[in-house]
């Protein structure tokens with residue numbers, strides 16, 4: 001079947017997460033994973049029947065881990081876990097993030113170390129495939145014992161409780177299941193813990209943020225190349241020899257991208273023709289973009305591992321029959337990666353805003369009219385677009401403060417160091433959105449500057465990107481509502497068309 005992703009707990013990619021989350025791809029459990037799921041379940045039931053002490057199976061949770069629970073009370077224990085832990089606050093996650101959360105939870109449970117029943121797991125799969133999307137508040141997770149609060153809201157709907165979006169309507173959870181032709185489940189021993197103890201909320205936000213970030217790193221090279229042309233920039237700064245003697249992979253790649261993007265351009269200059277060198281915002285573009293590119297690659301590697309990780313507790317090892325309590329739910333790997341990602345995306349926006357300033361400032365633009373308008377005074381042109389970019393990068397500076405350096409004890413100091421990984425992921429997503437808007441402004445401003453400069457030929461890669469924008473947005477001749485143009489340019493970037501057009505023209509991936 002086309003438009004389907006098969007999961008088994010291993011090999012899931014960030015791109016596949018995006019396909020399920022945003023394109024509505026169906027999900028199925030790999031038949032090869034079923035035996036592992038059933039084996040771990042058999043072990044749980046054996047421990048329950050023997051009433052052996054196992055954390056979260058025959059005991060309470062957190063500080064109550066020393067309170068024994070009888071066999072007759074194990075189902076109530078799991079239900080109480082969900083209803084008591086559903087303490088999220090604030091606005092709910094968007095549909096795509098919610099779908100990603102559900103997918104990642106299914107994927108990790110397919111590994112067969114969690115003790116969930118196959119029929120319970122199948123309900124979550126069917127909710128995803130039939131479009132029953134739990135309402136999950138964004139705030140309330142410490143990212144330590146996993147994403148307990150947000151994941152509990154997901155599970156509420158499986159019990160017929162809580163709220164869910166179905167066909168664009170917010171319904172009571174049981175009603176949403178009914179409309180989709182599904183029935184709620186009753187959780188058995190260990191299942192509640194298996195469903196909420198893990199890093200799937202922070203990893204879902206991280207996955208979709210990275211999917212966009214990997215494109216925006218390429219788009220940043222495109223907008224920078226257009227600005228280089230618009231300002232008659234000195235292309236020698238991107239000479240391959242400069243970057244290879246430093247040796248950073250991302251820097252070498254970014255410099256190569258910009259060289260290829262402006263190849264054949266009559267707008268760029270050589271050192272000594274008009275000036276010996278440009279300001280840092282142009283001359284050091286590859287150094288800054290390259291470092292950010294490397295940071296994105298690092299974060300993608302961490303998140304790629306995490307979305308296929310077993311992150312609940314306790315873990316069941318069918319080979320030995322042991323149940324071992326540990327701490328894989330701790331979100332530190334995601335927290336650090338997303339803090340680093342947020343910082344790197346903030347830097348991409350920061351240097352983009354400096355290039356915008358050079359485009360609109362007549363003291364810095366190498367002969368362009370002030371604020372990129374011919375009739376300045378009567379028209380403000382691109383004056384306030386730079387204000388907007390400046391506001392976004394300043395907001396990013398606040399958001400880029402790392403969440404992972406903070407911790408606060410919980411559960412009577414049983415959980416005495418927490419990751420704040422979900423906060424780090426959410427901040428990274430916000431920074432990514434701000435970056436996309438800043439790049440949209442640079443895209444518009446560089447195209448306007450090229451129109452005003454006129455009379456030249458754009459590069460092999462920048463030409464197609466410029467024409468895509470101009471097919472959508474006309475040059476600015478007199479003031480109009482710039483928000484409309486900015487939003488249109490943003491939508492074009494998010495469609496990924498400029499990157500695709502440039503890559504097709506160059507015959508290579510940026």
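Couple of notes before you dig in:
- Enumeration of residues in region 468-486 that are assigned to a helix (DSSP H, G or I) and either in contact (Cβ under 8 Å) with a residue 12 or more places away in the chain or crowded, with 18+ Cβ neighbours inside 10 Å (or both): 468, 469, 470, 472, 482, 485, 486
- Test: residue in region 437-454 that is in a loop (DSSP other than H, G, I, E, B), in contact (Cβ under 8 Å) with a residue 40 or more places away in the chain and surrounded by fewer than 22 Cβ atoms within 10 Å (Cβ to Cβ): no
- Where helices (runs of 4 or more DSSP H) fall entirely within region 223-291, those with at least 3 residues that are crowded, with 16+ Cβ neighbours inside 10 Å are at 249-261, 280-283.
- Criterion applied to 323, 334 was being touching a helix residue (DSSP H, G or I) at 6+ places or on another chain (Cβ under 7 Å), farther than 26 Å from residue 440 by Cβ and assigned to a helix (DSSP H, G or I), and the one residue passing it is 334.
- Among the residues making up region 388-422, those that are out of contact with any helix residue (DSSP H, G or I) (no Cβ under 8 Å at 6 or more places or on another chain) and in a helix (DSSP H, G or I) are 391, 394, 398.
- Scanning region 174-196 for residues that are surrounded by fewer than 24 Cβ atoms within 10 Å (Cβ to Cβ) and either part of a loop (DSSP other than H, G, I, E, B) or in contact with a strand residue (DSSP E or B) (Cβ under 6 Å, 6 or more places away or on another chain) (or both) yields 179, 180, 181, 182, 183, 184, 185, 186, 188.
- Filter result for the condition that a residue is within 35 Å of the chain's Cα centre (by Cα), surrounded by fewer than 20 Cβ atoms within 10 Å (Cβ to Cβ) and part of a helix (DSSP H, G or I), over 356, 384: 384
Computed from the coordinates by the stated procedures, all read-outs in this text should not be read as laboratory data. A quick note: this is a predicted structure, and the numbers were derived from the prediction, not measured. Cβ atoms come from the backbone with ideal geometry, glycine included; neighbour counts cover every protein chain shown.
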